[in-house]
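Only one structure is covered here, and it is reproduced in the block below.
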Amino acid sequence: LGDDAANQLVSEVVADFFTDYGNVALPNGAPARVALYFPSLEVRDELRPAIETALVSLGYGTDLVLAVDNKSNDATRRAFEALARDPAAPHRVLLLVNMGTEGWNCPSLFACALVRKLATSNNFVLQAATRCLRQVPGNSHPARVYLTGSNKATLESQLAETFGTTLRDLGLQHAEREERE
């Protein structure tokens with residue numbers, strides 16, 4: 001989708017994620033989680049109602065949402081940090097601004113979504129998109145990355161520059177894969 005279809009994108013991300021990962025958990029019991037990356041607090045706050053509406057329409061509570069940014073209070077930061085090590089951490093939908101990229105390792109992160117055009121400096125799109133691609137012992141479920149058209153182009157460029165590969169090349173490595181537009 002284009003950057004102008006952000007409400008539709010976040011609604012579809014939530015619906016798709018919970019359809020395929022709603023009952024998925026790691027062997028330690030940690031439920032599958034999705035991280036949505038936003039370019040600003042304003043965009044996150046503008047789109048949060050669409051995310052919460054999608055959750056409710058699927059029968060989930062809005063208490064699964066954790067909005068985190070670099071100015072979040074200590075309690076919110078602790079809740080965010082707990083996701084990486086506590087299987088009982090309740091949050092499954094993470095709304096991130098300036099958080100959750102390089103150095104963040106959350107084994108239960110099964111999907112990432114880059115919402116609207118994000119910065120291209122320092123390989124941010126590559127860093128954010130690959131947070132859910134780590135191999136976790138005992139997990140047989142593939143990860144999923146949701147991108148806008150502009151972020152897909154940026155990711156293509158960063159993959160070529162950093163690893164000398166393309167999304168198509170990566171996609172050919174997986175026999176059971178589906179691409180949707």
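The values are calculated or read from the model by the stated rules, or taken from the named source; none is laboratory data. Since we're looking at a predicted model, the values are computed, not measured. We place every Cβ from the backbone using ideal geometry, glycine too, and count neighbours over all the protein chains shown.
Say whether the condition of being part of a helix (DSSP H, G or I) and farther than 22 Å from THR162 by Cβ is met by at least one residue in region 67-75. Give the derivation first.
Step one: filter region 67-75 for residues part of a helix (DSSP H, G or I), giving 74-75.
Within this subset, residues satisfying the condition of being farther than 22 Å from THR162 by Cβ are 74-75.
The answer is yes, given that some residue of region 67-75 is part of a helix (DSSP H, G or I) and farther than 22 Å from THR162 by Cβ.
Among residues belonging to region 100-119 that are under 13 Å from PHE38 (Cα atoms) and at pLDDT below 90, point out the one that is nearest to the chain's Cα centre (by Cα). Before the answer, list the steps.
Of all residues in region 100-119, those under 13 Å from PHE38 (Cα atoms) come to 100-101, 112-119.
Now narrow it down to the ones that are at pLDDT below 90: 100-101, 114-119.
Details: GLY100: 9, THR101: 10, LEU114: 7, VAL115: 9, ARG116: 13, LYS117: 15, LEU118: 13, ALA119: 16 Å.
The residue in question is LEU114.
Out of everything in region 54-99 that is closer than 16 Å to SER11 by Cα, exposed (fewer than 15 other Cβ atoms within 10 Å of the Cβ) and not hydrophobic (A, V, I, L, M, F, W, C), what residue ends up being nearest to the chain's Cα centre (by Cα)?
THR62
A quick yes/no check of all residues on (1) within 23 Å of GLU102 (Cα to Cα); (2) of a type in the set (Ser, Thr, Tyr); (3) not in a helix (DSSP H, G or I):
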| residue | (1), (2), (3) |
| --- | --- |
| ALA6 | no, no, no |
| LEU9 | no, no, no |
| ALA15 | no, no, no |
| THR19 | no, yes, no |
| ASN23 | no, no, yes |
| LEU47 | no, no, no |
| ILE51 | no, no, no |
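Considering LEU66, LEU58, which residue is free of Cβ contacts under 8 Å to residues at least 60 places away in the same chain, in contact with a strand residue (DSSP E or B) (Cβ under 7 Å, 6 or more places away or on another chain) and not small (Gly, Ala, Ser)? Lay out the reasoning, then the answer.
Working: LEU58 fails: in contact with a strand residue (DSSP E or B) (Cβ under 7 Å, 6 or more places away or on another chain).
Answer to the selection: LEU66.
Take the residues in region 1-32 that are crowded, with 19+ Cβ neighbours inside 10 Å and within 17 Å of SER140 (Cβ to Cβ); name whichever of them is nearest to the chain's Cα centre (by Cα).
Among them, the one singled out is ALA32.
For residues that are assigned to a loop (DSSP other than H, G, I, E, B), free of Cβ contacts under 8 Å to residues at least 60 places away in the same chain and surrounded by 16 or more Cβ atoms within 10 Å (Cβ to Cβ), tally how many sit in region 123-167. First the steps, then the outcome.
As a first pass, look at region 123-167 and keep what is assigned to a loop (DSSP other than H, G, I, E, B): 130-143, 148, 164-166.
Keeping just the survivors that are free of Cβ contacts under 8 Å to residues at least 60 places away in the same chain gives 130, 133-135, 140, 142-143, 164-166.
Keeping just the survivors that are surrounded by 16 or more Cβ atoms within 10 Å (Cβ to Cβ) gives 130, 143.
Going through region 123-167 one residue at a time, the tally reaches 2.
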